[in-house]
1. Given (1) open to solvent by 40 Å² or more (accessible area, probe 1.4 Å); (2) touching a helix residue (DSSP H, G or I) at 6+ places or on another chain (Cβ under 6 Å); (3) assigned to a loop (DSSP other than H, G, I, E, B), identify the lone condition not met by Gln73.
2. Identify, from the list Ser26, Ser37, Ser15, the residue that is exposed (fewer than 10 other Cβ atoms within 10 Å of the Cβ) and at pLDDT below 50.
3. Could you list, in sequence order, all residues of segment 79-129 that are open to solvent by less than 30 Å² (accessible area, probe 1.4 Å), farther than 24 Å from Asp63 by Cβ and small (Gly, Ala, Ser)?
4. Take Asp66 and decide whether it is within 18 Å of the chain's Cα centre (by Cα), of a type in the set (D, E, K, R) and either at pLDDT below 90 or under 20 Å from Phe44 (Cβ atoms) (or both).
5. For segment 76-115, enumerate the residues that are aliphatic (A, V, I, L, M) and either assigned to a helix (DSSP H, G or I) or more than 10 Å from the chain's Cα centre (by Cα) (or both).
6. Please go through segment 108-126 and pick out each residue that is without any contact (Cβ under 8 Å) to a residue 24 or more places away in the chain and charged (D, E, K, R).
7. Report yes if Ser61 is of a type outside the set (Phe, Trp, Tyr), open to solvent by 30 Å² or more (accessible area, probe 1.4 Å), at pLDDT 85 or above and closer than 24 Å to Asp134 by Cα, otherwise no.
Amino acid sequence: MQNLLFIATAFILASGHKEHRVDLASSTSSRDGVDTSKYVILPFNNRTNYVFKEGRPAPLSKDEVDRIEVYVQKTMSECQRRAGKYRIFPQPVDKYMRQYIAIFNARGQKIVWVNLFCTDDGFNWHKQVYMVEDGGGCYFNLKINLATRKVYDLMVNGIAVLIRPNSLV
């Protein structure tokens, strides 16, 4: 069972690194936007942020944050569809907290790194990038090119597996 879960997760991660276009024109949402208590826009600092190798800081408007939410929802849905019966994300999208870092790339396109997590363990995520090891689908991140409407570099955390010595026989 764990091997099947590992294979399904590996497939999703491997396919997640390809860019794919999200069709915003066909999306209909009755939401009033993202819950502002669940996200923060962190500033880009090329000396401390490892998320982007280069770029210039970019602002994000509320409309852009709402568009980003559509990308996130569609990406989660597509990953879950590809995974079949294996549940990748333990929470619905509205339960995740989000951190956004936006830059302009060398072509002047706005790129946004989105970091999502369903628990913060008391960490001050409004001030610093929140990163953990393992944790499975409760922790994932991706990049979105708002100019080309492409989602790429999806990274879903893995799950640490505890192997007891008695089970190695």
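1. (3)
2. Values: Ser37 fails: at pLDDT below 50; Ser15 fails: exposed (fewer than 10 other Cβ atoms within 10 Å of the Cβ).
Answer to the check: Ser26.
3. Ala83 - this is the single residue of segment 79-129 that is open to solvent by less than 30 Å² (accessible area, probe 1.4 Å), farther than 24 Å from Asp63 by Cβ and small (Gly, Ala, Ser).
4. Values: within 18 Å of the chain's Cα centre (by Cα): yes; of a type in the set (D, E, K, R): yes; either at pLDDT below 90 or under 20 Å from Phe44 (Cβ atoms) (or both): no.
Taking the combined requirement at face value, the residue does not satisfy it.
5. Of segment 76-115, the ones aliphatic (A, V, I, L, M) are 76, 83, 88, 93, 97, 101-103, 106, 111-112, 114.
Result: Met76, Ala83, Ile88, Val93, Met97, Ile101, Ala102, Ile103, Ala106, Ile111, Val112.
6. Within segment 108-126, Asp120, Asp121 meet the criteria.
7. no
The values are calculated or read from the model by the stated rules, or taken from the named source; none is laboratory data. Predicted, not measured: the structure shown is a model, and the values here were computed from it. All Cβ positions, even for glycine, are placed from backbone atoms using ideal geometry, and neighbour counts span all protein chains on display. Just so you know, the surface numbers come from the protein's heavy atoms only, side chains and all, with ligands and any DNA or RNA stripped out. Shrake-Rupley method; radii C 1.70, N 1.55, O 1.52, S 1.80 Å.
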